[in-house]
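Quick notes on the structure that follows.
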Amino acid sequence: MGMAASQARYLALTARKTNCEYEGQQINQARTALANQSANLFNQLLTLEVPVAPKTTDYTEVQYSYSDGTNESVIDSWQQLSSSDPNYNYIVNHYYYANIYTGSQKLLDNPQVQTKGELSINDFMNQNPQVTYDANNDTYTITTDDGQTRTYSAVGSLTMDNKLENSLRDFEVAMDMATSEGALTTDAVYGYQDSNGTWHFFLEDDIAEPKDYSTVYKPSYVGNSPLTELENLTEDQAAELAQIIKDLPDSSMKDYLSLDAEGNLVYNGSGIYAFDMQGTTYYTTEADLYNSMQTYDEYGKPIEAQQKLAYYNASYIKTKIEETNHALLETDDNGRFTSVKFDDDSVVYSLNTETVTDEDAYQDAMNEYNYKVQQYEKTIADINARTSIIQQEDRTLELRLKQLDTEQNALSTEMEAVKKVISDNVESTFKTFSD
């Protein structure tokens, strides 16, 4: 090997060895970062709090109860009076549950109000209707003796929105006007919309005897349950509606029902509807029905976007009745209460002592414990998975480091050999010139 070639080879080996050392430093730094991550995960593992299952004893207490012959009552809490009173020594909070007749309002999501359209025909009897036609605007105007004027425009020239299309279709169905593949008939049909939003129609064929046509929509069903407008109330209906108006004085019921000075129900015989659902009779009002049935857009799908129907009934609801009284509590030798006498009752009631567990509170605590266990196990699994990944990455780096170490040893050996060749070449060259 020539001198120049040997020196070039030596420089190449030196550069490669330097690169191996640099790569080894990078790997060591990466392994240090992995070691820090592993340490952080371990510290996180040490800080985890192991969930502890709740004990039933934490939700168990001694309870005092008594019966007054009508209700089973429980003493909820007691506070000893600071002043000495021979008649009463405690302030006692006690309660019982009773079925209270209560009026309630609900909102019905689905099924909703279905309507039935009834065609209304006004023939302007005794009003001497005068019909004029405006050819320029293609309109008919009907003027009556009472000073009312109605101008009907050709339906074909009107903007066909959902309200007009629905009304026109119902009108043509009621009039048995022929349609072709569902298309509306607009020839010789004229219409106008009144201030209430109701569409009225006029037929050109009726010019000799003009008539005004409109469809009046009436609520007929709630879902599959027929609606019945109440006229004469039964005794049970009157009692239920009275309770509803008493408990819900601001509902729409107030527009149709009231209570007189003696608390009796006053009803004029219209505006309240009844329907049966799942064996129970419910009530609603004309205002609630119309509020729901008028809030849809697409013809043929009248209940798709209806506002929820408000409906009412009265039923017996289990209600907690709480009272607070001064009381005289007697104790036994063990310090437990044995009897109670209240300031508004002359009877001394014997107290039953029982150990009760708040099952609802205990179940809530158990549910929270199970949730925390799932969180704890997931955190452990995540830490173990991350640690496993770090260990795999570290093993890969360690293997690469060993490969670099082997390569560096080989480079060192080869560099020594090349160095000796260069040295021999130098020595040989100097000997030649010295001779």
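The values are calculated or read from the model by the stated rules, or taken from the named source; none is laboratory data. Quick caveat, the model's predicted, so the values are computed rather than measured. FYI the Cβ positions are ideal-geometry reconstructions off the backbone, even for glycines, and counts take in every protein chain you see.
Criterion first (touching a residue at least 40 places away in the same chain (Cβ under 8 Å) and under 15 Å from residue 204 (Cα atoms)) does residue 189 satisfy it?
So residue 189 fails the test.
When residues of segment 219-235 are filtered for being over 33 Å from the mean Cα position of the chain (by Cα) and outside any strand (DSSP E or B), how many remain?
Counting residues in segment 219-235 that are over 33 Å from the mean Cα position of the chain (by Cα) and outside any strand (DSSP E or B) gives 6.
Considering every residue within segment 239-246, establish whether at least one is basic (Lys, Arg), in contact (Cβ under 8 Å) with a residue 60 or more places away in the chain and more than 22 Å from residue 225 (Cβ to Cβ).
yes
Just to be sure I understand, how many residues within segment 296-316 are exposed (fewer than 11 other Cβ atoms within 10 Å of the Cβ) and modelled with pLDDT under 60?
Matching residues across segment 296-316 total 2.
Scan segment 137-158 and give yes if some residue there is of a type outside the set (Lys, Arg) and under 15 Å from residue 121 (Cα atoms), otherwise no.
Yes, segment 137-158 has at least one match.
In this structure, is residue 151 of a type in the set (Val, Ile, Thr), in contact (Cβ under 8 Å) with a residue 40 or more places away in the chain and either surrounded by fewer than 16 Cβ atoms within 10 Å (Cβ to Cβ) or in a loop (DSSP other than H, G, I, E, B) (or both)?
yes
Step by step: first the residues of segment 190-218, then only those that are aliphatic (A, V, I, L, M) and not in a loop (DSSP other than H, G, I, E, B), then the one that is nearest to residue 154 (Cα to Cα). Which residue is that?
203
Sort through 389, 380 and tell me the only one that's in contact (Cβ under 8 Å) with a residue 60 or more places away in the chain, under 45 Å from the mean Cα position of the chain (by Cα) and in a helix (DSSP H, G or I).
380
If I filter segment 214-238 down to residues being aliphatic (A, V, I, L, M) and without any contact (Cβ under 8 Å) to a residue 60 or more places away in the chain, which single residue comes out as nearest to residue 172 (Cα to Cα)?
Only one residue fits best here, namely 230.
Is there any pair linking a residue in segment 348-375 that is within 27 Å of residue 325 (Cβ to Cβ) to one that is of a type in the set (Gly, Ala, Ser), with Cβ under 8 Å and at least six apart or on different chains, and which?
What qualifies is 348/339; 349/67; 349/339; 350/339; 351/65; 351/339; 352/65; 354/65.
Identify, from the list 187, 250, 170, the residue that is more than 36 Å from the chain's Cα centre (by Cα), among the acidic types (Asp, Glu) and not in a helix (DSSP H, G or I).
187
From the list 355, 338, 379, 387, exactly one residue is closer than 30 Å to residue 65 by Cα, at pLDDT 90 or above and not assigned by TED's automatic domain parsing to the domain that holds residue 88. Which is it?
Going through 355, 338, 379, 387 in turn, the sole match is 338.
From the residues in segment 348-377 that are aliphatic (A, V, I, L, M) and more than 32 Å from the chain's Cα centre (by Cα), which one is nearest to residue 41 (Cα to Cα)?
The selected residue is 356.
Are any of the residues in segment 46-60 surrounded by 13 or more Cβ atoms within 10 Å (Cβ to Cβ) and farther than 30 Å from residue 361 by Cβ?
The answer is no; no qualifying residue exists.
Restricting the first residue to segment 404-421 and requiring it to be acidic (Asp, Glu), which pairs with a second residue that is not in a helix (DSSP H, G or I) meet a Cβ separation below 9 Å and a spacing of at least six or different chains?
Correct list of pairs: empty, since none qualify.
Which residue is farthest from the chain's Cα centre (by Cα), if the candidates are limited to segment 260-293 and must be in a strand (DSSP E or B) and loosely packed, with under 15 Cβ neighbours inside 10 Å?
Selected residue: 266.
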